[in-house]
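Undergrad: Below you'll find the structure I mean.
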Amino acid sequence: MSLPSPTGQRALNVPATPASPLTEASLGRSGQVLTQAPLGTQKSAKAKLALVADDALSLERAYAYFSQVYGWPTSAVVVVSSWDDVERELGACSSIGELVIFSHAVFDAVMVGGAQLTGTQFADRFKPVAPPIDGLSFDGCVFGGQLDGMHYIATQLKIPRVRGWTWWHVLDWWRVPPQGDPAAALAAFQPLAAFAAPWLPHSLDGQRVYTQAEQEPMFSAAKLNLLAEYFIGVLDDAATPNFGAAVVAATMDPNKQRPRSGAPERLVDSSGAQAALKIELAPYPPLFARVIMTPWA
C-alpha cells in the first residue's frame, strides 16, 4: 500500500462505560470479582482478528474495508504500530479462526512500523507465541509472490491456509455528493455508478459488488461512502489522481486496475504446484492471483 494514514489511532475493545448499572457490575458482585488466573494472564479464543498497520491503513478505511468486504464487526479490527503490538495481540489469544494482517509489503517482506520481516523471520518470531490459527491472510501488496516464505509460515505455524496477493493492493473512497436538482443529479450519477460498480466489492470473493441500484439511494440521501478497491501489476497503473476522478474521466481499465473478482485463487498443495506457480510469477508484472499456500510436505 502507498496510501498515507494518520498515526496514533488504536482500536479499543473495551466500552467507555459499564454495559450495566453498577449494582449489576463487578462492584456489586463481590463474590464473582476474583478470576481463576492472575490479572492479564487469561487468553480468549477469537473467531476473527484483523491486525492493521497504522502506517498502511487509517482506522476509518480499516473499519470500512473489513465491514464492506469481509462483513466483520469493528470489534475484530485492531490497529498496530509495531511487531511488538502484533506479538501482544497474538499472545492474548488461545486460538484464532481467521487472522488478517493488513500492512505494507516490499515483495519479500511485510512491514509494520517501518520494520520489515521476511516470511522466514515472521514465522521464527511468532512461532513461540502464536496460538492455533485456522487461516492467515496477508491483505497488503504483493506478498503472495513469496511462495517459499509463505510455505515456511504455513509449516512452522501449522496454518492450513496462508493467503496473499501477487499484485499491489489499492484502496480509495467512492464519495460523490448530490448537487443541484435531485432528479438531474441522480441522472448524471447513474452512468458513473454503473461504471464504478466492479471496483466496489461487497464480498470476500468480489463476486458481489455494490450495484448501480444499491448506490442510487445512498447517493440521493447524501450517504454514498464506499471503499473502492483495485489491484495493479505496476505502480504506474494507479488511478490518477484518484478513483473518483478516474471514474468521471472513464479512465479506469479493468485490465490494468483489476477488481477483486478478477483474481483467480491458486492453491499450492504440493511441491509441483509451487514450482509451476513460480514459473507463472516470474514475468513482470507477474500473474495476478490470490495465492493459497498449504503446509504441504
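The values are calculated or read from the model by the stated rules, or taken from the named source; none is laboratory data. Here the structure is a predicted model, which is why all the values come from computation and not from measurement. In this analysis, Cβ positions are derived from the backbone assuming ideal geometry, glycine residues included, and neighbour counts consider all displayed protein chains. Note: areas computed on protein heavy atoms with side chains; ligands, DNA, RNA excluded. Shrake-Rupley method; radii C 1.70, N 1.55, O 1.52, S 1.80 Å.
Undergrad: What residues from the stretch 105-127 fall in the zone where the backbone N is under 15 Å from a label point 7 Å along the Cα-to-C-beta line of residue 82?
TA: 112-116
Undergrad: If you roll a 1.4 Å probe over the heavy atoms of the protein chains, what accessible area per residue do you get for the stretch 157-241, in Å²? Don't skip to the end; give the middle numbers.
TA: Working: 3960 Å² over 85 residues.
I get 47 Å² per residue for the stretch 157-241.
Undergrad: Using only the Cα atoms of the stretch 37-118, each taken as one equal point scatterer with no solvent, compute I(q) by the Debye sum, divide by I(0), and report log10 of the ratio at q = 0.17, 0.25 Å⁻¹.
TA: With no solvent term, the Cα-only Debye profile gives -0.71, -1.23.
Undergrad: Okay, next question. Using a 1.4 Å probe, what is the accessible area per residue for the stretch 67-141, in Å²?
TA: 34
Undergrad: Taking only C-alpha pairs under 8 Å that are 6+ residues apart, what is the relative contact order of the chain in percent?
TA: RCO, the chain: 16 percent.
Undergrad: Go ahead and estimate [θ] at 222 nm for the chain from helices alone: -39,500 (n - 2.57) per DSSP H run with n ≥ 4, summed, over the residue count, rounded to 500.
TA: So the calculated ellipticity at 222 nm is -7000 deg cm²/dmol.
Undergrad: Something else about it: Rolling a 1.4 Å sphere over the protein heavy atoms, what is the accessible area per residue of the stretch 258-297, to the nearest Å²?
TA: Value for the stretch 258-297: 50 Å² per residue.
Undergrad: What ³J(HN,Hα) values, in whole Hz, does the Karplus curve 6.51 cos²θ - 1.76 cosθ + 1.60 give for the stretch 228-233 when θ = phi - 60°, with x put for Gly and Pro?
TA: Ordered by residue, 3J(HN,Hα) equals 8, 9, 8, 10, 10, x Hz.
Undergrad: Let me ask you something else. Looking at the chain, send over the antiparallel percent of its DSSP beta bridges, to the nearest 5.
TA: The antiparallel fraction comes to roughly 45 percent.
Undergrad: Past the 23 Å Cα-Cα mark, which pairs from 48/256; 48/127; 43/127?
TA: Listed pairs above 23 Å: 48/256.
Undergrad: Set the Förster radius R0 to 41 Å, insert the Cβ-Cβ distance between residue 195 and residue 127 as r into 1/(1 + (r/R0)^6), and round the FRET efficiency to 0.05.
TA: On the way: r = 47 Å, r/R0 = 1.14.
Calculated transfer efficiency: 0.30.
Undergrad: Output the antiparallel fraction of DSSP beta bridges having both residues in the stretch 119-275, as a percent to the nearest 5.
TA: Antiparallel: roughly 70 percent of the beta bridges in the stretch 119-275.
Undergrad: Separate question: Taking θ as phi - 60°, what are the ³J(HN,Hα) couplings along the stretch 173-189 by the Karplus curve (6.51, -1.76, 1.60), each to the nearest whole Hz, with x for Gly and Pro?
TA: Computed from phi, the couplings for the stretch 173-189 are 8, 10, 9, 10, x, x, 9, x, 4, x, 5, 5, 5, 5, 4, 6, 7 Hz.
Undergrad: If contacts are Cα pairs under 8 angstrom and at least 6 residues apart, what is the relative contact order of the stretch 195-297 in percent?
TA: 25
Undergrad: Sticking with this structure for a sec: So, with a 1.4 angstrom probe, what is the percent of accessible area on the chain that is carbon and sulfur? Each step should come with its number before you reach the end.
TA: Values: 8030 of 14260 Å².
Carbon and sulfur atoms account for 56 percent of the accessible area of the chain.
Undergrad: Shifting gears a bit: Once both labels are modelled 7 Å past Cα along the beta-carbon direction, what's the residue 45-residue 106 spacing in nm?
TA: 4.0
Undergrad: Sequence neighbours fewer than 8 away in the same chain don't count; with that in mind, list the aspartates and glutamates whose C-alpha is under 18 Å from residue 158.
TA: Candidates past the 8-residue exclusion: 87, 98, 124, 134, 148, 269.
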